[in-house]
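Q: Have a look at this one before I ask anything.
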Amino acid sequence: MAPIGEEEAKQTIECIEETPGAEEKKRRRWGLLGRLLKDDPAPELLEDLARMNETELDPVKVKAIERRIDMLIIPALAVCYMFYYIDKTTLSYAAIFGIKTDLNLGKSEYQWLSSIFYFGWLIWAMPTNFLMTKFPVGKYLAFNIFLWGVLLMAQAASRDFKDMMILRFLSGAAESTADPAFVIITGMWYTREQQPVRIGLWYSANGVGIALGGYWGMPSAISKARFPHGWCLNNRALCSAWAVALYLFVPNSPYYKSYWFTNDDRVVVLSRKRHDQGGADTSKLKWDQAVEAFIDPKTYLFFLLGFSGNIPNGGISNFGTLIIQGFGFNTLQTSLMQMPYGAVVVFCILSAVWLNTKAPKNSRTLLMVLYLIPNIVGSCMMAWGPVTSKPVRLIGYWLTGSYNATFVLGLSLISGNVGGQTKRAIVNASVFLGVCAGNIIGPFLFKTSEAPKYTTGIVGMLVSNCVEVAVVLCLRFIFLTSNSRRDKKLAEHDGVGYDPTGGMVEDITDWKNPAFRYVAVSLWFYFFCV
């Protein structure tokens with residue numbers, strides 16, 4: 001691919017413009033929703049971007065814009081993720097406060113309440129990822145979070161197993177937008193070097209959510225009351241209210257007009273990502289990219305990464321309190337013991353993304369393996385530690401929080417290693433389909449007949465972690481060999497040039513872009529990029 005000059009850039013821009021009237025026809029096909037569809041990037045913006053990519057950016061201006069992005073996006077996503085994880089563990093706390101008795105749950109019905117949530121997520125995961133290519137992602141996310149909060153509030157009025165199953169299924173469908181949208185937003189606004197730290201900052205809020213869940217459960221534990229519906233309703237109402245903040249403060253994409261950024265600001269935001277090769281944002285679905293996604297082995301490895309990493313999550317998030325209670329702790333002690341677990345999760349995530357900025361080249365996948373080791377050790381301590389030793393088994397449980405760090409680094413691999421909007425939507429969906437499948441299977445490994453030790457579930461966590469190590473190493477091999485092959489091909493054809501900055505102007509996939517290089521690496525970068 002020859003270097004793109006200004007004239008060639010104009011030709012590229014003209015190619016992505018639709019014929020007159022086509023945009024209006026597309027909106028009419030969607031009816032009332034057509035007014036909410038996003039447009040393709042303005043040709044004038046792409047022309048400015050092509051020119052800016054040929055110049056050096058002012059580092060002072062870049063830093064100022066990046067601080068503004070951080071202030072708008074990171075707190076908004078982090079608080080939302082905190083609510084998200086408080087609600088995910090609510091069922092676990094409900095188990096020790098008597099929900100099984102309140103809803104007259106049968107032998108395996110608690111496991112079904114855990115898993116049905118992810119059936120809703122599973123069914124809606126692919127459609128919602130495609131809808132995020134059609135609608136402004138920030139606004140679409142806010143709508144789904146608001147709906148999710150409303151459905152969660154309705155769960156407090158559930159009278160029996162059937163009511164709860166229906167509401168948890170619908171809640172799972174509404175929530176299926178959250179994680180993929182967070183990853184997409186992070187990928188849009190941050191460079192590949194910055195993405196692991198930023199994902200770590202908002203993802204670590206799940207540890208805060210776990211700790212707060214334990215804290216808020218203490219009054220009921222002390223008074224020996226039934227499940228505290230009051231604080232659940234308040235938390236879920238706050239979740240819906242926070243959706244309004246997301247709508248107002250989270251900008252959709254640097255390719256589109258925003259109250260928070262001028263046109264020049266948006267060009268700088270995009271131009272600083274000139275070497276990322278992620279492809280221009282567009283509302284068009286490209287079937288050649290879809291075919292490429294389905295024949296790319298990385299798609300299936302990312303699915304396995306989500307699957308193997310979330311079998312343990314499906315167990316811990318729904319049976320964590322029951323596991324701790326099985327060590328011999330009462331209800332109050334169980335609530336308290338969840339708080340250090342949340343702190344471990346926060347520490348592991350933040351330390352992992354910090355080490356990622358300091359480690360030598362080609363280290364990100366190795367760090368993922370490193371943070372799985374405590375999880376494997378912890379599972380062994382829970383499964384085979386002395387039954388009479390509470391501290392050994394409890395410390396083993398706390399160590400399992402390290403898997404969250406591996407998943408965060410894995411999310412940064414997805415956001416930085418896939419080019420093309422349609423292909424990225426499919427690959428993004430594949431990893432969260434794996435997340436769903438893992439969370440569906442995980443609870444069923446924790447058999448009621450094995451309470452309180454849950455040996456099968458804990459051994460299942462151990463096996464899943466070992467599989468995850470193998471998947472990460474396979475991804476590392478593919479990334480490094482692909483980079484080596486491309487570098488060798490470029491060296492053999494040193495007379496043929498390509499534009500290393502054209503990937504932000506064209507919507508092109510990682511396979512078809514000779515300038516694309518995969519990130520199995522850790523790049524030197526300041527932690528908070530200030």
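The values are calculated or read from the model by the stated rules, or taken from the named source; none is laboratory data. The shown structure was predicted, so the numbers you read here are calculated from the model rather than taken from an experiment. Every residue, glycine as well, gets a Cβ built from its backbone with ideal geometry; the counts of neighbours run over all protein chains shown. Just the protein is used for accessible areas: all its heavy atoms, side chains included, with ligands, DNA and RNA removed. Shrake-Rupley method; radii C 1.70, N 1.55, O 1.52, S 1.80 Å.
Q: Within the range 269-283, identify whether any single residue is in contact (Cβ under 8 Å) with a residue 12 or more places away in the chain, over 29 Å from residue 73 (Cβ atoms), open to solvent by 10 Å² or more (accessible area, probe 1.4 Å) and of a type outside the set (A, V, I, L, M), and answer yes or no.
A: For the range 269-283, residues in contact (Cβ under 8 Å) with a residue 12 or more places away in the chain, over 29 Å from residue 73 (Cβ atoms), open to solvent by 10 Å² or more (accessible area, probe 1.4 Å) and of a type outside the set (A, V, I, L, M): absent.
Q: Quick one: is residue 183 open to solvent by less than 20 Å² (accessible area, probe 1.4 Å), in contact with a Lys or Arg (Cβ under 9 Å, 6 or more places away or on another chain) and touching a residue at least 40 places away in the same chain (Cβ under 8 Å)?
A: no
Q: Filter the range 451-469 down to the residues that are open to solvent by 50 Å² or more (accessible area, probe 1.4 Å) and either touching a strand residue (DSSP E or B) at 6+ places or on another chain (Cβ under 8 Å) or in a helix (DSSP H, G or I) (or both) and list them by number.
A: 455, 463, 466, 467
Q: Looking only at residues that are among the aromatic types (Phe, Trp, Tyr) and open to solvent by 40 Å² or more (accessible area, probe 1.4 Å) in the range 368-410, which one is farthest from residue 302 (Cα to Cα)?
A: Here the residue is 384.
Q: Sticking with this structure for a sec: For the subset of the range 124-173 comprising residues that are of a type in the set (A, V, I, L, M), open to solvent by less than 20 Å² (accessible area, probe 1.4 Å) and under 15 Å from the mean Cα position of the chain (by Cα), which member is nearest to residue 86 (Cα to Cα)?
A: 145
Q: Let me ask something additional. Residue 436 passes all but one of (1) open to solvent by less than 10 Å² (accessible area, probe 1.4 Å); (2) at pLDDT 90 or above; (3) not small (Gly, Ala, Ser); which number fails?
A: Here residue 436 clears every test but (2).
Q: Would you tally the residues in the range 470-492 being under 24 Å from residue 445 (Cα atoms) and surrounded by 16 or more Cβ atoms within 10 Å (Cβ to Cβ)?
A: 2
Listed here are the residues, each with its yes/no results for (1) assigned to a loop (DSSP other than H, G, I, E, B); (2) within 28 Å of residue 151 (Cα to Cα); (3) at pLDDT below 90.
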| site | (1), (2), (3) |
| --- | --- |
| 225 | yes, yes, yes |
| 231 | no, yes, yes |
| 241 | no, yes, yes |
| 245 | no, yes, yes |
| 252 | yes, yes, yes |
| 256 | yes, no, yes |
| 265 | no, no, no |
| 269 | no, no, no |
| 274 | yes, no, yes |
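Q: Enumerate the helices (runs of 4 or more DSSP H) found wholly within the range 108-211, keeping only those where 1 or more residues are out of contact with any His (no Cβ under 9 Å at 6 or more places or on another chain) and modelled with pLDDT under 85.
A: 109-134, 137-155, 161-175
Q: Going through 309, 320, 326, 315 one at a time, which residue ends up being in contact (Cβ under 8 Å) with a residue 24 or more places away in the chain, open to solvent by 10 Å² or more (accessible area, probe 1.4 Å) and of a type in the set (Gly, Ala, Ser)?
A: Answer to the check: 326.
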